[in-house]
Amino acid sequence: MDIKEAISKSLFVLGAGFSKPAGCKMSSEMLDDLRIRIQSNTDNIFNEIEKESLRFLLSCLTYHCEWRSVQSGGKFRFLPNIEELILLLRRIRDRENYLPYPVTGSWADKLTQLETEFNSWAIKNDNEIKDLFYSIELKIKKKLLFEWLKFEDKNLSYLGPLKQFFQDFPDEEFCFDIYSLNYDQSLEKYFDETGMWMGFSNGKWVGLGFEPDLELERRRINFYKLHGSLNWIRDIAGDIFEKEVWENQTTIQNEEKDDEVSQDPYIIFGQGTKTFSVDPFFSLIYHFRKLLKEKEYFFVLGYSFFDPYINNLLVSETLGTHKKIIIINPKFGPDEIYKKINENAKSMSTKENKDIQECQFEGYQNILAEYLKEIQKNPFYSELPEFNVNFIKPDSLFYIPINTEEFIKSYFSDKGSLLKQLIEKFENEKKDIERPFK
């Protein structure tokens, strides 16, 4: 198998853990920072009513996570994150039917009281936003998220082996298909001189059916951001732009266009599946599903799997096939897995297993499948959890318990020899199943 064939069979899906080496905060780290801010007397992003509301809601989320952990029979430990907080804010604001304990019942009186206090404060201070929970969400989205996802160029060196990998094959016409659930711009910043197609032409979204104007020898990455980007905006006409282009046009034309922007940044943040009915998200998710059908191996880096909508697409494509979901994450699933990994670390005997660094004990795939099933059937993450795909084939899961930096260094050094080795391993296993007597 040559490298072109290996890449053609692979699809890469990036979660927040992929950008952690760049300095971007993980979802749980964002929540930790928020906790510090609402206890601080010097932080002035939120007023006192908003801080009190956040303290109450974070207590509710902690309670609910513990409740979910107990519901699993103690097999799994769930922890709150920033997406869960945003989802909770929106559900309270929209008065949706399902709210987690203890927000429901008599505890909801606390929310009503806080809403009333905030509304009175907003009127007294002539504040434009009168809705308490919308105000909190907007401050997180427009202020804190940009701070949490800052990175320094020097921290992007972990991507160096991937750039070297491209340089090692100057004459090979292959292109990585990468889907990201992240909003940061670390990947496109590092590969700004490499051909990268994202669905934008001259800074405006033109769709994925448009033929990219990139020289084949430069184009190495098709990069699709499923949940949007910090530098995307949508105007009132529904057109999507990269913000830098929009601002340059505004400067050149000497016009004020603030009133013409309807979404800034244009991202899906802690929201449900209904948002996918608008572009570019609808086109991106449609294209994602199309590529899942075409590809064989789904490399999932730094993703927690707490989005059942994405999980449904990934898992459903493995059913009735020999396709693999390769999970690259230093810690994923129950603690039981890490205890077993540590116990068996010294017993790894074959060079292949040491190189590939796969999880090395019998039954780990069953444990991971059960863990994903618990997420899929939980009503907190989905409005209709009974429709989620919750049959996960254990043998479709392959776990490599290392971080993004280690994975890139190991699997793309030496002209990607380890990546080819892993895919050849899967291909041989598939042949053994399909032709057992040959």
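The values are calculated or read from the model by the stated rules, or taken from the named source; none is laboratory data. Because the structure is a prediction, the values reported are computed rather than measured. Neighbour counts are summed over all protein chains in view; Cβ atoms, including those assigned to glycine, are modelled from backbone coordinates with ideal geometry.
What to note about this one:
Yes or no, residue by residue, for (1) in a helix (DSSP H, G or I); (2) within 22 Å of the chain's Cα centre (by Cα); (3) farther than 24 Å from Q421 by Cα; (4) not assigned by TED's automatic domain parsing to the domain that holds F223:
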site: I7; (1), (2), (3), (4): yes, yes, no, no
site: F12; (1), (2), (3), (4): no, yes, no, no
site: K20; (1), (2), (3), (4): yes, yes, yes, no
site: L31; (1), (2), (3), (4): yes, yes, yes, yes
site: L34; (1), (2), (3), (4): yes, yes, yes, yes
site: R37; (1), (2), (3), (4): yes, no, yes, yes
site: D43; (1), (2), (3), (4): no, no, yes, yes
site: F46; (1), (2), (3), (4): no, no, yes, yes
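- Qualifying residue in segment 416-427 (condition: out of contact with any Lys or Arg (no Cβ under 6 Å at 6 or more places or on another chain), in a loop (DSSP other than H, G, I, E, B) and either hydroxyl-bearing (S, T, Y) or assigned by TED's automatic domain parsing to the domain that holds Q164 (or both)): no
- Counting the residues of segment 338-371 that are hydrophobic (A, V, I, L, M, F, W, C) and modelled with pLDDT under 90 gives 6.
Matching residues to (1) over 28 Å from L31 (Cβ atoms); (2) part of a loop (DSSP other than H, G, I, E, B); (3) at pLDDT 90 or above:
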| position | (1), (2), (3) |
| --- | --- |
| E217 | yes, yes, no |
| F241 | yes, no, yes |
| I252 | yes, no, no |
| F269 | no, yes, no |
| F282 | yes, no, yes |
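- Of the listed requirements (1) touching a helix residue (DSSP H, G or I) at 6+ places or on another chain (Cβ under 6 Å); (2) in a loop (DSSP other than H, G, I, E, B), L54 misses just one: (2).
- K75, sole failed condition from (1) out of contact with any helix residue (DSSP H, G or I) (no Cβ under 6 Å at 6 or more places or on another chain); (2) modelled with pLDDT under 90; (3) assigned to a helix (DSSP H, G or I): (3)
- Against the test of being closer than 23 Å to P379 by Cβ, surrounded by 14 or more Cβ atoms within 10 Å (Cβ to Cβ) and at pLDDT below 85, the options L89, L85, L99 yield a single qualifying residue, L99.
- Output for segment 386-401, where each listed residue is in contact with a helix residue (DSSP H, G or I) (Cβ under 9 Å, 6 or more places away or on another chain) and surrounded by fewer than 16 Cβ atoms within 10 Å (Cβ to Cβ): F387, F391, P394, D395
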